[in-house]
Amino acid sequence: MADEASLRRAGHPAPHRNRVSIGWLLAALFAPPIGWSLHLIANYALASHSCYPGSVPKSPTSPAGLWALLIAIDVVSLAISLAAIVFAYRAWQASIREMAQHESPMVETGEGRTRFLAVWALLIGSLFFLTVASDSAALWILKTCS
């Protein structure tokens, strides 16, 4: 076991933890995947039931307002991901010097708990923003009930 003096020298694993709320940081980590999941489930449920209410297709055209509703769901999901990206970037900027005593810039990029979580929230938010945006492109290219 390490003695108390060496533990004090090592310091806290997240010295800038008071600069960023851990609750908001966790929300930035988990909100984009949850938003994408709800987007996927809602879009599938609305489009499939509107176009195929039974075992036979309803009609080749979509019901009035369905396309606008699906776009609105996509916009909300994109906004959730974008908000997570913005918060994660601000959290990363607030904790960028969290463990800056190392020489190598490769070691500094994700070291420190707050900065590590902010970097991952930034990556996850960006990934799910691109995922929802690419899924939304299908609404602009394809007919809703075709």
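The values are calculated or read from the model by the stated rules, or taken from the named source; none is laboratory data. Computed from a predicted structure; not experimentally measured. Cβ: placed from backbone, ideal geometry, glycine included. Neighbour counts: every protein chain shown.
The residues on offer are Ser55, Ser81, Ser50, and the sole one that is outside any loop (DSSP other than H, G, I, E, B) and modelled with pLDDT under 90 is Ser50.
A quick yes/no check of all residues on (1) in a helix (DSSP H, G or I); (2) under 26 Å from Trp140 (Cα atoms); (3) modelled with pLDDT under 90; (4) touching a helix residue (DSSP H, G or I) at 6+ places or on another chain (Cβ under 9 Å):
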| position | (1), (2), (3), (4) |
| --- | --- |
| Leu26 | yes, no, no, yes |
| Leu29 | yes, no, no, yes |
| Ile85 | yes, yes, no, yes |
| Met106 | yes, no, yes, no |
| Trp120 | yes, no, no, yes |
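Taking the range 87-97 only, how many residues are hydrophobic (A, V, I, L, M, F, W, C) and not in a helix (DSSP H, G or I)? Going through the range 87-97 one residue at a time, the tally reaches 1.
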